[in-house]
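Everything below concerns the one structure shown next.
The values are calculated or read from the model by the stated rules, or taken from the named source; none is laboratory data. For clarity, every value in this text was computed on a predicted model and none was experimentally measured. Reconstructed Cβ throughout: ideal geometry from the backbone, glycine too, with neighbour counts over all protein chains shown.
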Ligand SMILES: Cc1cc2nc3c(=O)[nH]c(=O)nc-3n(C[C@H](O)[C@H](O)[C@H](O)COP(=O)(O)OP(=O)(O)OC[C@H]3O[C@@H](n4cnc5c(N)ncnc54)[C@H](O)[C@@H]3O)c2cc1C
């Protein structure tokens, strides 16, 4: 069956079509085409050079929403933690098509880039013919598959804020190593300065209907010495245990998700102590 597909040559043309017509925007199509509505009209954005750049300035990293996972992996400036998460997504074929913007707008609980983006307090730039709007990723993903996107808007820019993290951790638990949707994905990072935890952040995907981060729990660790971090490790894990209330679905159970994620938090703390501790 033929697909009703519009293929603009520029972002402005895409915004005009988005404004005038009822179309579903798409880039790689690796989500949208899986359950394609045969009656829908589509707007293909995957060829627009305006959406495929990665630049860096005082605001942070600007990732064009149309950057594919493969092109991100090829970018020298791609933040290391994002590179790690992206390298674990699906297979080369999917990484050649799938985009970071599609991962965000699909708003799946299992979007693997989302926990990394949350650690960088990422903002999104949404554009329409009327102008631009900037929202935090946190606010943009309202619920499972539900985003704060107006019918005339497109996601154009993804801004990862600068961070001084000097320790990184990423773990994806799936049924197998490749081509596997996460049962749990955890991204974490810390900044350790002169034996003190200057920054500490943990975020999850596949645990809840939206990606999760508990900034108040992170605050309880900031400013602590590494000795204190070692002493409070079980308390930190316990505090996360009180807050994590995972989903059960076809991929995993709530009990499994909770048990494993608490082990990962302990493991993250151990890696900090091993890397920066005296012993
Ligand atoms: C076999 C397979 C394996 C997969 N494995 C993984 C995995 O391991 N980890 C993972 O996270 N994901 C995985 N996915 C899901 C998918 O590949 C990713 O979510 C990918 O990032 C989607 O990007 P895309 O460009 O293909 O999105 P598309 O399918 O093009 O679009 C996804 C959604 O975003 C909207 N959209 C796209 N572009 C814009 C825009 N500029 N503005 C506004 N809305 C927009 C679309 O309307 C749609 O709702 C897998 C998919 C398949 C088919």
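Pick from segment 198-235 the residues that are without any contact (Cβ under 8 Å) to a residue 24 or more places away in the chain and outside any helix (DSSP H, G or I): which of them is nearest to the chain's Cα centre (by Cα)? Restricting to residues being without any contact (Cβ under 8 Å) to a residue 24 or more places away in the chain and outside any helix (DSSP H, G or I), the top hit is 200. For the criterion of being crowded, with 18+ Cβ neighbours inside 10 Å and in contact with a helix residue (DSSP H, G or I) (Cβ under 8 Å, 6 or more places away or on another chain), residue 200 passes.
Residues in segment 110-117: is at least one without any contact (Cβ under 8 Å) to a residue 24 or more places away in the chain, in contact with a strand residue (DSSP E or B) (Cβ under 8 Å, 6 or more places away or on another chain) and either surrounded by fewer than 22 Cβ atoms within 10 Å (Cβ to Cβ) or closer than 28 Å to residue 45 by Cα (or both)? Walk me through it before giving the result.
Within segment 110-117, the subset without any contact (Cβ under 8 Å) to a residue 24 or more places away in the chain is none.
No - not one qualifying residue is present in segment 110-117.
Residue pairs whose Cβ atoms lie under 6 Å apart, separated by 6 or more positions or on different chains, with the first residue in segment 25-39 and in a loop (DSSP other than H, G, I, E, B) and the second more than 6 Å from the ligand (Cβ to nearest atom) and at pLDDT 95 or above, are 27/46; 27/66.
What are the residues in segment 166-190 that are more than 15 Å from the ligand (Cβ to nearest atom) and either surrounded by fewer than 21 Cβ atoms within 10 Å (Cβ to Cβ) or closer than 25 Å to residue 247 by Cα (or both), if any?
Quick first cut of segment 166-190, residues more than 15 Å from the ligand (Cβ to nearest atom) only: 166-169, 188-190.
The answer is 166, 167, 168, 169, 188, 189.
In segment 188-197, what residues are part of a strand (DSSP E or B), touching a helix residue (DSSP H, G or I) at 6+ places or on another chain (Cβ under 7 Å) and more than 9 Å from residue 165 (Cα to Cα)?
Pass one, segment 188-197, residues part of a strand (DSSP E or B): 188-193, 196-197.
When the remaining residues are screened for being touching a helix residue (DSSP H, G or I) at 6+ places or on another chain (Cβ under 7 Å), the result is 188-190, 192, 197.
Those that are part of a strand (DSSP E or B), touching a helix residue (DSSP H, G or I) at 6+ places or on another chain (Cβ under 7 Å) and more than 9 Å from residue 165 (Cα to Cα): 188, 197.
Being more than 20 Å from residue 103 (Cβ to Cβ) and not assigned by TED's automatic domain parsing to the domain that holds residue 95: is that true of residue 209 here? For residue 209, the condition - more than 20 Å from residue 103 (Cβ to Cβ) and not assigned by TED's automatic domain parsing to the domain that holds residue 95 - is not met.
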